[in-house]
Amino acid sequence: MDLNTVTRVIPARTRADLSSLGGGAVPLAGGSVLFAEPNPSIHTLVDLQTFGWQPFVVTDEGLEVAATATLTQLSTLPDDHGWQAHPLFRQCCTALFGSFKVWNVATIGGNICTALPAGPMTSLFSALDAQALIWKADGSDQRVPVSELVTGNTTTALEPGDVLRSLHVPARSLASVTAYRKIALSALGRSGAVVIGRLDPVDGGFVLTVSAATVRPEQLRFAELPTASELHAAIESIDSWFTDAHGAADWRLAVSGVLAEQIRLELSEGAKR
Ligand SMILES: Cc1cc2nc3c(=O)[nH]c(=O)nc-3n(C[C@H](O)[C@H](O)[C@H](O)COP(=O)(O)OP(=O)(O)OC[C@H]3O[C@@H](n4cnc5c(N)ncnc54)[C@H](O)[C@@H]3O)c2cc1C
C-alpha cells in the first residue's frame, strides 16, 4: 500500500540520522507492517537498513543479533556453534503467519516493536532471556529484557524516537535444551499460543515462556523441572490471557496448560538420558 502522506525518506547511516524521529517520523525496517495499512499520521520514514548492521555477531558472551536481521537470515543461520537452542530459531520463524515472501523482508526488530501478542520474535528472544539494546532518543543506551520490552497488545516500553538496535542472547541460553509448541485455530493460522521451555545448562533451572495467548510474554521460573501440579498452578496464576479472532481467553489458558505439560514431559525425558 502506498503511504501517500510520506514526503521524506531518510537513509540512516549514523546515529545522528535518527534525530528527526518522533511524531510523524518513524523507523522503517522491512516495511511489512508499515506498508500493510493506512498510516496517515506518518510523514517521514527513517530507513534503518541503510545502517548496514552485521546481522549476527558471535562472541564468548553469546550472540548479538541486529534488529534489522530478517527472519530468513535467522532461520538459515548455520548450526555450527553447538548451540542446543539452535532449533528454536527456525521453529519460532515458522510461528509467523506469513510466507517466505514475508520472511525475506520482515525484520526481528520490526516484529518485536510491532508488539503483536503473536510476535514470534518476541516469543523467541523472551524465551532465551535476551536483552534488547535500545538507542534512546536522547543519545543514551538502555538495556531491557525483551520480555519486558513488550508491555501489551501492540504496546512497548519504547518512547518516541527510540530505536531497537540489537538483541543480546547469553551463551548460557544458547547452550540450553529447549522445547517448543505452537497452536492455532487453523493449520497455518496466526498463533493462538506459543509456549517455550528452556532448561538452564548450569543450574538446571526451568523457564517457561507463554506468548501469543497472553497480551505480553509471561515467564514462569522454577529452580528445577516442576511437577505437573506445580506447573498447572503456575499457568493458572497468569492473568493476561486475551480473546480475539484467533482464540478465546479460556481456550488459550486451557491449551497453554496442555502444551506446557507436553514440554515438561519432553524436557524431563531428555534430562534422564
Ligand atoms: C502476510 C503477513 C503475515 C504476518 N504474520 C504475522 C504474525 O503471525 N505475527 C506477527 O507478529 N506479525 C505478523 N506480520 C507482521 C510483520 O510481517 C512482522 O511483524 C514483521 O516482523 C515486521 O517487521 P518489519 O521489519 O517489516 O517492520 P516494519 O513494517 O518496517 O516496522 C513495523 C513497526 O516497527 C517499527 N520499527 C521497526 N524496526 C524498529 C526498530 N529497530 N526500532 C524501533 N522501531 C522499529 C516501525 O516504525 C513500525 O512501527 C505479518 C505480516 C504479513 C504481511
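The values are calculated or read from the model by the stated rules, or taken from the named source; none is laboratory data. Predicted model, so just to flag it, every value in this text is computed and none were measured. Here the Cβ positions follow ideal geometry from the backbone for every residue, glycine too, while neighbour counts run over all protein chains shown. Note: areas computed on protein heavy atoms with side chains; ligands, DNA, RNA excluded. Shrake-Rupley method; radii C 1.70, N 1.55, O 1.52, S 1.80 Å.
Laid out as a table, the results:
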quantity: Any hit, the range 125-132, residues being more than 10 Å from the ligand (Cβ to nearest atom) and modelled with pLDDT under 95; calculated: no
quantity: Complete set of residues in the range 7-36 that are in a loop (DSSP other than H, G, I, E, B), surrounded by fewer than 19 Cβ atoms within 10 Å (Cβ to Cβ) and more than 6 Å from the ligand (Cβ to nearest atom); calculated: T7, R13, T14, S19, S20, G23, G24
quantity: Residues that are open to solvent by 30 Å² or more (accessible area, probe 1.4 Å) and assigned to a loop (DSSP other than H, G, I, E, B), drawn from the range 99-112; calculated: S99
quantity: Qualifying residues in the range 136-150 (those that are within 14 Å of the ligand (Cβ to nearest atom) and in contact (Cβ under 8 Å) with a residue 40 or more places away in the chain) - the one surrounded by the most Cβ atoms within 10 Å (Cβ to Cβ); calculated: V150
quantity: Any hit, the range 159-179, residues being within 15 Å of the chain's Cα centre (by Cα) and more than 23 Å from Q54 (Cβ to Cβ); calculated: no
quantity: Matching helices (runs of 4 or more DSSP H) fully within the range 166-273 where at least 3 residues are in contact with a Gly (Cβ under 8 Å, 6 or more places away or on another chain) and closer than 30 Å to G82 by Cβ; calculated: 171-174, 249-272
quantity: Flag if L133 is in contact (Cβ under 8 Å) with a residue 12 or more places away in the chain, open to solvent by 10 Å² or more (accessible area, probe 1.4 Å) and outside the structural domain of L185 (by TED's automatic domain parsing); calculated: yes
quantity: Near pairs, Cβ below 6 angstrom, 6+ apart or cross-chain, from the range 93-109 (over 19 Å from Y180 (Cα atoms) and near the ligand (Cβ under 6 Å from one of its atoms)) to any residue that is β-branched (V, I, T) and in a strand (DSSP E or B); calculated: T107/T70
quantity: Filter pass, L188 being within 16 Å of the ligand (Cβ to nearest atom), touching a residue at least 40 places away in the same chain (Cβ under 8 Å) and surrounded by fewer than 19 Cβ atoms within 10 Å (Cβ to Cβ); calculated: yes
quantity: Filter pass, A127 being free of Cβ contacts under 8 Å to residues at least 40 places away in the same chain and either surrounded by 18 or more Cβ atoms within 10 Å (Cβ to Cβ) or touching a strand residue (DSSP E or B) at 6+ places or on another chain (Cβ under 6 Å) (or both); calculated: no
quantity: Evaluation of V58 against (1) among the hydrophobic types (A, V, I, L, M, F, W, C); (2) open to solvent by 30 Å² or more (accessible area, probe 1.4 Å); (3) under 21 Å from T114 (Cα atoms); (4) free of Cβ contacts under 8 Å to residues at least 60 places away in the same chain (one fails), failing number; calculated: (3)
